[in-house]
Amino acid sequence: MRHLLTGLLVTTAITISAPPAFAEDFRMLTGWDPSYAAVPEVLDPFMLRLQEESDGNVNITRSGPETIPPFEQLDPVSRGLFDMLFTNGAYHYNETSIGMTLDAISADPTQLHDSGIWDYVDEQYQTLGLKLVAVLYDMNGYNIILKEPLGDNALEGRRVRGTPIYHPLIEELGGAPVVLPASEIYPSLERGVVEGAAWPTVGAVGFRWFEVADYMMRPSFGQVGHVVLMNLDRWNALEDETRALIERVAREFELEAIEIFNEVVAREEETLASEGMEVTELTGEFLPLISETWYEGAMTLAAEQNAEAIAEVRRLAEEAGLTGAEGE
């Protein structure tokens, strides 16, 4: 009898830890092409990790913005034309602003989960037919690249590219925001359509913006949440073992992504310096306002689209001390 029970226990353990029994092939839509380092340096390793951990039963192929423009990608994934999406919350502000809050708060992945914000954002995406799989954070945040250094009045009179989440900060610094996709930043800087571009601290190397801009504004601000979403029906149709594996790998990789981004940013800053880009420092009356303006601006803008949901994220962030405001 003892041998029988032992055998049953061993069998049960193997069943629980075994990779998925059925192969799953997913089509991933991405908001950026591989010129943006987050795709080859972070997303691709995440996809590979899922494949390896599943013994080849989970496979993902990706298509970029050449397939569907980055600001129009949420709907085709929610309708099941693609299985997964790698994007940023500001890219689908018109459908929901809940993802923007992930960039406004000041939290690492553990704090995001412990505060309840991760689960709440997941619930909100599910109302649109999407499942939040992972938030891959670049904690180095955002910056503004410029053709000319900052003046005494910061960005006064300058046109600066930025998706809606940047608008309150650009305006606070005296600039005029202009919405452009990533593919149009280079020619717009080159022709003088804009004098600057707000973007994560990762990106200027891959897009070669150092050829048309000479300065990087510091300090940086916020943090960049790269969200991985899945069509909810597709998620619910998966075997329990497959869902559990994806959730485990995603949770582990959320922590690893931070270090990967730190390494990428360090390399890029070294490259940009060698290409002649210089730091231009924000000083004077604007400096102490940057963190609060970023948080309040992003949250207020988000609330214009989804007031009740954003109020709940605010409550959770304030309870956990994750607003990023001075003095927290």
| note | Karplus-derived 3J(HN,Hα) from phi for segment 185-190 (6.51 cos²θ - 1.76 cosθ + 1.60, θ = phi - 60°), whole Hz, x at Gly and Pro, runs 5, 4, x, 5, 5, 4
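Quick check: residue separation of Thr110 and Asn262 times 0.36 nm, minus the Cα distance between them. What number comes out in nm?
Details: separation 152, 0.36 × 152 = 54.72 nm, distance 1.72 nm.
Here the segment from Thr110 to Asn262 would lengthen by 53.0 nm.
Mind checking Rg over Rh on segment 100-166, alpha carbons, Kirkwood formula for Rh? Intermediate values should be presented prior to the final figure.
Details: Rg = 16.6 Å, Rh = 14.8 Å.
That ratio is 1.12, to two decimals.
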| field | Two-decimal Rg/Rh across segment 220-323, once Rg and the Kirkwood Rh are taken from alpha-carbon atoms | value | 1.07
| message | Can you compute 3J(HN,Hα) from phi for each residue in segment 161-168, using the Karplus curve 6.51 cos²θ - 1.76 cosθ + 1.60 with θ = phi - 60°, rounded to whole Hz and x for Gly and Pro? | response | 5, x, 5, x, 4, 7, 4, x
| said: Between 0 and 90 degrees, rounded to the nearest ten: what's the tilt of helix 44-53 against the longest Cα principal axis of the chain? | reply: 10
| 20 Å reach of a label modelled at Ala311, 7 Å along Cα-to-Cβ, counting backbone N of segment 287-304 | 296-304
| request: Sort 134-144, 56-66 for me by packing, meaning the mean count of neighbouring Cβ atoms within 10 Å per residue, highest on top. | output: 134-144, 56-66
| Which shape class applies to segment 238-294: rounded if a/c is under 1.5, otherwise prolate when a/b exceeds b/c and oblate if not, where a ≥ b ≥ c are the square roots of the Cα gyration tensor eigenvalues? | oblate
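Listed highest first by mean packing, meaning other Cβ atoms within 10 Å per residue, what order do 119-132, 282-295, 214-227 come in? Mind dumping the intermediate values first?
Values: 119-132: 18.6, 282-295: 15.9, 214-227: 21.2.
Per-residue mean Cβ counts within 10 Å order the peptides as 214-227, 119-132, 282-295.
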| How long, wide and thick is segment 25-134, going by the Cα atoms along their three principal axes, in whole angstroms, largest first? | 34, 30, 26
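How much length, in nm to one decimal, is gained on full extension between Arg248 and Ser63, taken as 0.36 nm per residue of separation minus their Cα-Cα distance? Walk me through the intermediate numbers first.
On the way: separation 185, 0.36 × 185 = 66.60 nm, distance 2.46 nm.
Taking Arg248 through Ser63 to full extension adds about 64.1 nm, to one decimal.
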| For Val279, distant residues with modelled amide H under 5 Å away | Met216
| Could you give me the ³J(HN,Hα) list for segment 252-261, computed from phi with Karplus coefficients 6.51, -1.76, 1.60 and θ = phi - 60°, whole Hz, x at Gly and Pro? | 5, 6, 4, 6, 5, 4, 4, 5, 4, 4
| remark: One would report the Cα pair-distance distribution of the chain, bin width 10 Å, in %, as 6, 25, 33, 22, 9, 3, 1, 1, 0
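Place the peptides 154-164, 42-52 in order of packing, highest mean first, counting for every residue the other Cβ atoms within 10 Å and averaging per peptide.
Working: 154-164: 20.5, 42-52: 17.8.
My ranking of the peptides, most packed first, is 154-164, 42-52.
Quote to one decimal, in nm, the extra length available between Phe22 and Arg79 on full extension: 0.36 nm per residue of separation minus the C-alpha distance between them. Provide the component values of the computation, followed by the final result.
Working: separation 57, 0.36 × 57 = 20.52 nm, distance 2.34 nm.
Stretched fully, the Phe22-Arg79 segment lengthens by 18.2 nm.
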| request: List every residue whose amide H lies under 5 Å from the amide H of Asn306, counting only residues 5 or more places away in sequence or on a different chain, with H placed 1.01 Å from N in the peptide plane. | output: Ser97
| said: Let me see the P(r) profile for segment 182-265: every Cα-Cα distance counted, bins of 5 Å, each bin given as a percent of all pairs. | reply: 3, 10, 18, 15, 13, 11, 11, 9, 6, 4, 1
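Estimate the FRET efficiency between Glu211 and Glu239 by the formula 1/(1 + (r/R0)^6), using the beta-carbon distance for r and 41 Å for R0, to the nearest 0.05.
Values: r = 49 Å, r/R0 = 1.19.
The calculated FRET efficiency here is 0.25.
Rounded to the nearest 500, what is the chain's calculated 222 nm mean residue ellipticity when only DSSP H runs of at least 4 contribute -39500 (n - 2.57) each, over all residues?
Details: 12 runs with 134 residues, N = 328.
For the chain, the value works out to -12500 deg cm²/dmol.
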| What is the Cα centroid distance between segment 198-255 and segment 68-84, reported in whole angstrom? | 16
| request: List the residues whose amide H sits under 5 Å from the amide H of Gly324, counting only those 5 or more places along or on another chain, with H placed 1.01 Å from N in the peptide plane. | output: Ser106
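Wrap a convex hull around the Cα atoms of segment 45-196, take a quarter of its surface area, and give that in square nanometres. Kindly include the intermediate steps, with their values, before the conclusion.
On the way: hull surface 43.6 nm².
Spelled out: convex hull of the Cα atoms, projected over all directions, averaged, 10.9 nm².
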| Could you give the nm distance between label points at Glu171 and Arg49, where each point is 7 Å from its Cα heading toward the beta carbon? | 3.8
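Every number in this text was worked out from the coordinates using simple rules, so none of it is lab data. Being a predicted model, the structure only gives us computed values, none of them experimental. Note that each Cβ is placed from the backbone with ideal geometry, even for glycine, and that neighbours are counted across all protein chains shown.
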